[in-house]
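Presented below is the structure to which this report refers.
The values are calculated or read from the model by the stated rules, or taken from the named source; none is laboratory data. Since we're looking at a predicted model, the values are computed, not measured. Quick reminder, even Gly has a Cβ in these numbers, built from the backbone with ideal geometry, and neighbours come from all protein chains shown. Only protein heavy atoms, including side chains, enter the accessible area calculation; ligands, DNA and RNA are left aside. Shrake-Rupley method; radii C 1.70, N 1.55, O 1.52, S 1.80 Å.
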Amino acid sequence: MNTERFAAQFPQMQWDAATSSWIVPHQSLLEIALFLKTDPEFRMDLLSNVAGVDWLSSKEKVRGEDGKPVERERPGYLEVVYHFYSVSAKQGPIVLRCRTDGRATPILPSITPLYRSAEFQEREIYDLYGIVFSGHPDLRRILMWDEFEDFPMRKDYVSPDDYEWEPTPHDDVLERARQHRREEERRRA
Amino acid sequence: MDDWLKSELQRAGVFVTTLEWVYNQSRRSSVWPLQFGLACCAIEMIATAAARYDLARFGAEVFRPTPRQADLMIVAGTVTKKMAPQVVRIYNQMPEPKYVIAMGACAISGGPFKQGYNVLKGIDRFIPVDVHIPGCPPRPEALLNALMFLQRKIDRQTLGAAQPLRWYDPMDRAEFPVPACGAHDLVPTHTRAIWKPEASPRPLT
Amino acid sequence: MLDLGGANAADGEILDAPLYGPRSYRVFGDDALAKHFLEISMGPHHPSTHGVFRMDVVLDGETVVRLKPVFGYLHRNHEKLAETMSWLAAIPYTDRLDYFCSMTNNWAYVLAVEKLAGIAVPERAEYIRVIVGELTRLVNHICLAGFLLADLGALGTPLLYAFREREKILDIFEEISGARMMCNYMRFGGVRVDLSPEALQKIHRIAERFPFFLDEFEALVSRNEILLSRCQGVGVLPRHLAVNAGVTGPMLRASGVDYDLRKVDRYGIYDRFEFRVPLGEHGDVYDRYMVRILEMRESVAILRQALAQIPEKGEIMNPQAKLRNLRPKPGEIYSRIESPKGELGFYLISDGGPCPYRYRVRPPSFINLTVLEDMCLGQKIADVIVIFGSVDIVLGEVDR
């Protein structure tokens, strides 16, 4: 696979060496996917995996204007990772990652019109991460019930307080038990 | 009637027993389970019904797909919060007398998935359970044992007026409220009449 | 039989296929539904939905005009739980994904972590993995054949035959791992327990006798007139749609696409074995059934070769492999294997911590269900059960 030609075709992409993937601006995701699907050299006809990832805001060190390292707040975002393979040419994978602007109102284009395999996976990401895929034909909750309001796979999700005593509590279970106790005392007071 | 007279009569071809014994014997020998599998344990339930373990030896091989014809509900597998209303509804649809076996760690308490946000921490929060079988999944022998345990439980039921059977009470419908799926959790999270949260027995620091 | 290895006309068919959007959303509006269509909800408690699966089916007479699968009744939060626990502790949870094939689930996860952390596997352990993996494939496919025939109305007998063979294999699993179904057998850098000579002897016996069982099974059902008339030409899945919808495994090969990850990726030591990849021609239910029967025969061939080649003695665990407190370097991996249901992938992101930052399972049976509606549209309601049975799903993996 001649990835140089691919990179030259779409200069808006960014190669991420640490994860061997291309960071794609969401405006051109469909265009790039269509190229991968139809180009006779790549023939990426199988979209194998679509995964959502939640990146919370974090501190990162960057080089400031005066050349000294400065600590800066990196805003959190949600990310969708696409793994493309080629069935007909038996090659792959090509990994694309698409990031949302912030975590408040995450919107990404849906790839379902090009690849049917994304249909349920995008619904799952919508259900568990809350990313809205514009252009998806049937974007509903898929695993949780329709009345559910949270996005449970997000890193900052707090599950409902239904702790019950366990004979062998440990670590985070113990922490939940303490929280539960505090909650109960607050309710009583 | 003492045992000597009983055996003498039996020798003469007369079988004497109580109505209660006949009643219990016929019910315990034909406990029809509901054909209802939730997760991994359901496969062991099928294996129990298959030739090697042969549930038919205990008269319980007739798996009924409809709750209206079933006596026993084997809750085989993880009950999720999305599934819990359906389980309660199916239980309500079963005719009396009805029994419940909670098969496997998940049905008892949530098991390995207990900390999950969508996993019900035990089906006994919503319906009364007669027999619990631990294991993940329990072996087929364990299910057979649970069935024998249930049969012994049926044997102990009396027709006498001292302890009247619950299901002859017209006021006792043995139907339990079906929880609703709320915005964050099931509403209510448990049925108060049959389940109380256990207080933690040791102080948490 | 189609060859997709080189550029030929068949390739163009996949590329030039129309852009598939879900079709049925545009079939009718809600007012049409009110007039003469019947909407029924099959499941989640239904004897033929293989667990707690639900389909919202809209019927015109007996013909299906819309079918919407509803998932989530067994959503056990596998991914969320695995992100809160150590890398090692997730292995027993993978057992419970696809509870027919715990060995291949272990293998897929362990392989992904090995690639992420750079752990080598000793040769004997690789052979043991192939042996238990192929035994798992036998268990899965024979149970599928039994369940499919039960869905067709052959209640009991074929399923009892299938479970008889399954018990023989589960005995071996119990001997080597201590559990019948939830084996929890593989570890990063090897397997937990060595195969004893007696266990190898038993596997030998299975490899010898299983083809005879298959002959018997096939003599009973494969040419059965009812089976033929209910399966042939029912639920046809065209190959371009199969590829586009991400269908993998025996279902994809039944549609005539030569794509077996044991041949394509050659993970583990699958490049050392000679086996053929059975392909279907029509992509109907019967092809899906036959492909699985033929795959079992190839699995037996792989078993025989593995048993002949396995080194007599050797390590089964890489001594350098670290199980507890494993902290792989920050990075990510997507690794996939050919599980009996299809392409089972694990997408893992490590941030250098004691537990995975992101743990994603690519479940084959979940994605194979994408095409369920396309296969069922225009068919009769009785055939929906058969088509659904031929997809081969396990709800633990669909909902996770």
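Between C:GLU312 and C:ASP215, the FRET efficiency from the beta-carbon distance, with R0 = 35 Å, is close to 0.65. Can you send over the carbon and sulfur percentage of the accessible area for the range C:289-400, probe radius 1.4 Å, protein chains only? So the carbon and sulfur contribution to the accessible surface is 52 percent.
Calculated translational diffusion coefficient of the range A:1-129 (37 °C, 0.692 mPa s; Stokes-Einstein with Kirkwood radius over alpha-carbon pairs) equals 206 µm²/s. Grouping the Cα pair distances of the protein assembly as shown into 10 Å bins from zero gives a pair-distance distribution of 2, 12, 22, 26, 20, 11, 4, 2, 1, 0, 0, 0 percent in increasing distance order.
For C:LEU372, the solvent-accessible surface computed with a 1.4 Å probe is close to 0 Å², ligands and nucleic acids excluded.
Annotation note: GluC sites (Glu not before Pro) in the range C:59-129 located in DSSP loop regions with a Cβ neighbour count of at most 14 within 10 Å are C:GLU62.
Annotation: amide H-H contacts under 5 Å for A:GLN91 (H modelled 1.01 Å from N, sequence separation of 5 or more, or interchain): A:SER86. Against chain C, whose longest principal axis comes from its Cα atoms, helix C:123-152 is set at around 20 degrees. Largest GNM mean-square fluctuation among B:ILE127, B:ILE154, B:ILE108, using chain B with Cα springs under 10 Å: B:ILE154. Distance from the Cα centroid of the range B:1-59 to that of the range C:177-238 is 35 Å (rounded to whole angstrom). For chain C, the convex hull spanned by the alpha carbon atoms encloses 144 Å³ per residue.
Here B:PHE176 and B:ARG57 are evaluated by their C-beta separation; at R0 = 30 Å the FRET efficiency comes out at 0.40. In a Gaussian network model over chain C where Cα atoms closer than 10 Å are linked, find which of C:LYS168, C:LYS202, C:LYS313 has the largest mean-square fluctuation. Of C:LYS168, C:LYS202, C:LYS313, the Gaussian network model singles out C:LYS313 as fluctuating most.
By accessible area, using a 1.4 Å probe on protein heavy atoms only, the range C:42-177 has 54% of its surface on carbon and sulfur.
The length gained on full extension between A:ARG72 and A:GLN9, counted as 0.36 nm times the residue separation minus their Cα-Cα distance, comes to 19.4 nm. Relative to the longest principal axis of the Cα atoms of chain C, the long axis of helix C:381-391 makes an angle of roughly 20 degrees.
Between 0 and 90 degrees, the angle of helix B:19-28 with respect to the longest Cα principal axis of chain B falls at about 50 degrees.
Residues of the range C:208-256 that lose at least 40 Å² of accessible area (1.4 Å probe, protein heavy atoms only) when the other protein chains are present, relative to their chain alone, are C:VAL243, C:ASN244. Pairing chain C with chain B buries about 2900 Å² of accessible area. This figure sums both sides and uses a 1.4 Å probe. Note on A:VAL132 and B:LEU9: the model spin-label points, each 7 Å out from Cα along the C-beta direction, lie 8.0 nm apart.
With the helix formula -39500 (n - 2.57) applied to DSSP H stretches of n ≥ 4, the protein assembly as shown reaches a computed 222 nm mean residue ellipticity of -11500 deg cm²/dmol. Build a GNM of chain C with springs between Cα atoms under 10 Å: which of C:ASP95, C:ASP258, C:ASP171 gets the top mean-square fluctuation? So, out of C:ASP95, C:ASP258, C:ASP171, the one fluctuating most is C:ASP171. Summed over the residues of chain C and divided among them, the accessible surface reaches 33 Å² per residue at a probe radius of 1.4 Å. Averaged over the residues of B:31-40, the number of partner chain Cβ atoms lying within 10 Å of the residue Cβ comes to 5.
Solvent-accessible surface (1.4 Å probe) assigned to C:VAL193 amounts to roughly 50 Å². Cα centroid separation, the range B:110-155 to the range A:1-40: 52 Å. With respect to the cross-link table entries C:LYS115/C:LYS313; A:LYS155/B:LYS82; C:LYS80/C:LYS341; A:LYS37/B:LYS81; A:LYS90/A:LYS155; A:LYS155/B:LYS81, which display a Cα-Cα separation exceeding 29 Å? Pairs exceeding 29 Å: A:LYS37/B:LYS81; A:LYS90/A:LYS155.
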